[in-house]
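Pasting a structure below so you can have a look.
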Number of protein chains: 2
Amino acid sequence: MTLVWELETPALLVDLDALDHNAGLMAQRSTDAGIAWRPHVKACKSPAMAQRLIAAGAVGVTCAKSAEALAMAHGGVSDILIANEVVGADKIERLIEVAKLATLCVAVDDADNVREIAAAADAAGVQIDLLVDIDVNLHRCGVDPEVAPALCALIADLPAVRLRGLMGYEGHVMGLPDEEKERETAASAAIIARAADLCRADGHEFDVLSGGGSGNYRYVLEQGVLTELQAGGAALMDLTYEAMGVDGHRRALSLLCQVVSATHPDRAAGDAGWKATGRHTGMPLVAQPLGWECVGLSAEHTHLARNGGESLSIGDRVELVPHYSDSTVLLHRTLHAHRDGVVEDAWAISGSGALQ
Amino acid sequence: MTLVWELETPALLVDLDALDHNAGLMAQRSTDAGIAWRPHVKACKSPAMAQRLIAAGAVGVTCAKSAEALAMAHGGVSDILIANEVVGADKIERLIEVAKLATLCVAVDDADNVREIAAAADAAGVQIDLLVDIDVNLHRCGVDPEVAPALCALIADLPAVRLRGLMGYEGHVMGLPDEEKERETAASAAIIARAADLCRADGHEFDVLSGGGSGNYRYVLEQGVLTELQAGGAALMDLTYEAMGVDGHRRALSLLCQVVSATHPDRAAGDAGWKATGRHTGMPLVAQPLGWECVGLSAEHTHLARNGGESLSIGDRVELVPHYSDSTVLLHRTLHAHRDGVVEDAWAISGSGALQ
């Protein structure tokens, strides 16, 4: 029996009770709304964790990139959406590898790209499903609704690709205040719905309207316009999602570090800096020991300040809650799955680092 | 012959001419000042690049952590300083592995830690050199000068460890305006010098006084108090070091991405978001094509806006200059070394990710 406190630091931990609670909650809320839950695994990057979300009720996973999808396929995930455009011969070759292992759906917003994917799939004898990506005012990728029917017609004319539906990612709404978030989530869904009407009016048939992030998923479910929900990050939960108002979830991710310097009773340096916590939305929170806070991050050091707690000694363990799981997990190779501090499994973070 | 423009994106590039210029400049400036240059490799994390700095005149390398040092030792680097405290049995065991392969020196600020390192080194039949870490007002690690003589005395009493000298890292001065930076660099050096006087007055002999970062290295060299310079990041150079006033260096690091969506003539989405560029000091700069700028970073997307350039198409390559190399390189696995756009080598970033 290994206790998390015995792991070499820094060690990334996932609390199985909290994870199962969060996954069950998202699955139940989706079921109650009659919407399929296809959680994004960009945050966890772990096939083992993805399998756990599927066991909780997810219909498959959503990925960001071709290499992430391949890691999931190699990890046994059988139904994969890449909710981004995949461009270039090397990456399309990777799509073929994924499509040989799993049901694969990919977002598209360009005719030449659709032709290239179809030609590669046809040559390899695989099928790749496509979602036409609609720009729902994020202004990053995706076409305007008026352009969607032409892409649907192109897909219908090509072998080895099949139109599954439309998607749009409303990334610009996640940080808005509640009332605006509700309104802008509805506005995004209305843009997808309008694109769907235009495509169906042209005779195209499909069943998927996909979107939604952890920051706005309650509104996506309440509004009921979309048929698939991509939100997945809140399965791990973190301080950034808390700041976005995500409710009912528990903090499942934490980062264990240890004190490496304690030459003054009111401060200590931990061995997790921003190269282990990630950084750009804020400071981690000290979960244990009580009475200490993180007041700064160097590259390799947690700057800990005493705030009523007992003084620390070198070697003492400190458990941090990362501010944004998405920026933390990709720095690590292993997610230590534990229950009440007892390690039950070590999950490979197969998609860590900058992927292709 | 492979051109950088043919690499799969995102691809991290180092321009050998610029790197050699920067390394030669830092080595020459150090030689002129009579100070040994021991560049920190926390930014590059690549033994092959470390070897190139040594070929340019560096006396060895400075590392942040035990796993980084082991990667360097496995890569053939024979003289290594870990400029941080190394705490815990698992990490001290790693020190022993390094000490079997290379001359190793480690920072210490705690008596129990010194005893543990000495006991492990003695049991393994290796020698580990030590630098007593002085708090030069960064208030992160290190002891006050008055405490240093007792640590020197302890080291003198123990087998298998040897006092090499003192160090202090003045991380708090790097972002200061020039005049303050010069003054605070002098103040830090004075604290180390005072600690050295106290230790020598007690009969302890040593030859190394180590410190300095890329942000203040010109002042360290001008002031001539320290005997070894740890600055290494500016060998890669980046926008953060430019903002710190580092002069005479060229930008050696860049990140190649490609356009994955271009549905509007005035904007495009590249496939390098903050999971490939890193993020917390600022936005990357678009080096090529001219007339475009990066106006935002999503997790996996560069938000590119046209500013006088030609419209982009999907598949077009875009070269970015990361804002802070230190937060970029650890996300990648390979540094593609090129000259004038022709790839000459692929250097493994052996220390990528969150290390132990």
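Laboratory data are not the source of any read-out in this text; all were calculated from the coordinates shown. The shown structure was predicted, so the numbers you read here are calculated from the model rather than taken from an experiment. Cβ coordinates were reconstructed from backbone atoms using ideal geometry, including for glycine residues, and neighbour counts include every protein chain displayed.
Binning at 10 angstrom from zero up to the longest distance, how are the C-alpha pair distances of the stretch B:16-234 distributed in percent?
That works out to 9, 36, 37, 16, 2, in percent per bin.
Which whole-number value in Å³ per residue fits the convex hull of the alpha carbons of the protein assembly as shown?
Spread over its residues, the Cα hull of the protein assembly as shown gives 152 Å³ apiece.
For B:Ala305, put the label point 7 Å out on the Cα→Cβ axis and report which residues of the stretch B:273-290 keep their amide N under 14 Å from it.
Counting only backbone N, you get B:283-284, B:286.
Right, another one. How far apart, in nanometres, would the label points at A:Ser313 and B:Arg162 be if each is projected 7 angstrom from Cα along the Cα-to-Cβ direction?
The two pseudo-label positions are separated by 3.2 nm.
Counting other C-beta atoms within 10 Å, which of A:Thr31, B:Thr281, B:Thr240 has the fewest, and how do the rest follow? Write down the numbers at each step before the final one.
Numbers: A:Thr31 13, B:Thr281 17, B:Thr240 23.
Taking fewest neighbouring Cβ atoms as first place, the list is A:Thr31, B:Thr281, B:Thr240.
Rounding to the nearest 10 and keeping the result within 0 to 90°, find how far the Cα-based axis of helix A:16-33 lies from the longest principal axis of chain A.
The angle comes out at about 30 degrees.
In addition: Obtain the nm distance between the two label points defined at A:Ala89 and A:Asp202 by a simple spin-label model: each point lies 7 Å from its Cα along the Cα-to-C-beta direction.
3.0 nm
For the charge dipole of chain A, defined by +1 on Lys and Arg C-beta atoms and -1 on Asp and Glu C-beta atoms about the Cα centroid, which residue among A:Leu285, A:Leu226, A:Ala89 has the Cα displaced farthest towards the positive pole?
Selected residue: A:Leu285.
Students often forget the sequence filter, so: which lysines lie under 19 Å Cα-Cα from B:Lys45 once same-chain residues fewer than 8 apart are removed?
List returned: A:Lys275, B:Lys65, B:Lys91, B:Lys275.
Please report A:Lys181, A:Lys100 as a ranked list, fewest other C-beta atoms within 10 angstrom at the top and most at the bottom.
Ordered by Cβ neighbours within 10 Å, fewest first: A:Lys100, A:Lys181.
Nearest 10 degrees is fine. How inclined is helix A:111-124 to the longest principal axis of chain A, computing both from alpha carbons?
90 degrees
Given an 8 Å cut-off on Cα distances and at least 6 residues of separation, report the relative contact order of the stretch B:163-259 as a percent.
Relative contact order here is 28 percent.
Relative contact order for chain B using alpha-carbon pairs under 8 Å, separation at least 6, rounded to a whole percent?
Over chain B, the number comes to 22 percent.
Within the stretch B:151-188, whose backbone N sits under 13 Å from a point 7 Å along Cα→Cβ of A:His264?
Residues B:172 fall inside that zone.
Place a +1 charge on the Cβ of each Lys and Arg in the stretch B:240-356 and a -1 charge on the Cβ of each Asp and Glu, then give the dipole magnitude about the Cα centre in debye, rounded to the nearest 20.
With Lys and Arg at +1 and Asp and Glu at -1, about 200 debye.
Here's a follow-up. Would you order B:His301, A:His303 from fewest to most other beta-carbon atoms within 10 Å of each residue's own beta-carbon? Spell out each step's value before the answer.
On the way: B:His301 27, A:His303 19.
Ordered from fewest to most neighbouring Cβ atoms within 10 Å, B:His301, A:His303 come out as A:His303, B:His301.
With the dipole of the stretch B:16-234 worked out from charges on the C-beta (+1 for Lys and Arg, -1 for Asp and Glu) around the Cα centre, which of B:Ala111, B:Ser188, B:Gly75 lies farthest toward the positive end?
Checked the options; the winner is B:Gly75.
Continuing with the same structure: Let's test the formula: R0 of 35 Å, r as the Cβ-Cβ distance of A:Leu290 and A:Asp79. What FRET efficiency results, to the nearest 0.05? Walk me through the numbers on the way to the answer.
Numbers: r = 43 Å, r/R0 = 1.23.
The formula returns an efficiency of 0.20 here.
Additional query: Which FRET efficiency value, to the nearest 0.05, do you get for A:Ala150 and B:Arg183 by plugging their Cβ-Cβ distance into 1/(1 + (r/R0)^6) with R0 = 60 Å?
0.35
Out of every Cα pair in the stretch B:218-337, what percent are spaced more than 23 Å from each other?
When all Cα pairs of the stretch B:218-337 are counted, 36 percent exceed 23 Å.
Okay, next question. Any chance you could give the angle, 0 to 90 degrees and rounded to 10, that helix B:178-201 forms with the longest Cα principal axis of chain B?
Between the helix axis and the principal axis of chain B, the angle is about 30 degrees.
Could you size up the charge dipole of chain A around its Cα centre, putting +1 on the beta carbon of Lys and Arg and -1 on that of Asp and Glu, and report it in debye to the nearest 20?
560 debye
Can you bin the stretch A:11-124 into rounded, prolate or oblate? Criterion: square roots of the alpha carbon gyration tensor eigenvalues sorted a ≥ b ≥ c, rounded for a/c under 1.5, prolate for a/b above b/c, oblate for the rest.
prolate
Might you report the magnitude of the Cβ-based charge dipole of the stretch A:151-289 about its Cα centre, with Lys and Arg at +1 and Asp and Glu at -1, to the nearest 20 debye?
Numbers: 12 positive and 18 negative charges, 102 e Å.
Magnitude of the dipole: close to 500 debye.
With a point put 7 Å past each Cα toward its Cβ, work out how far B:Gln127 is from A:His172 in nm, to one decimal.
Distance between label points: 6.6 nm.
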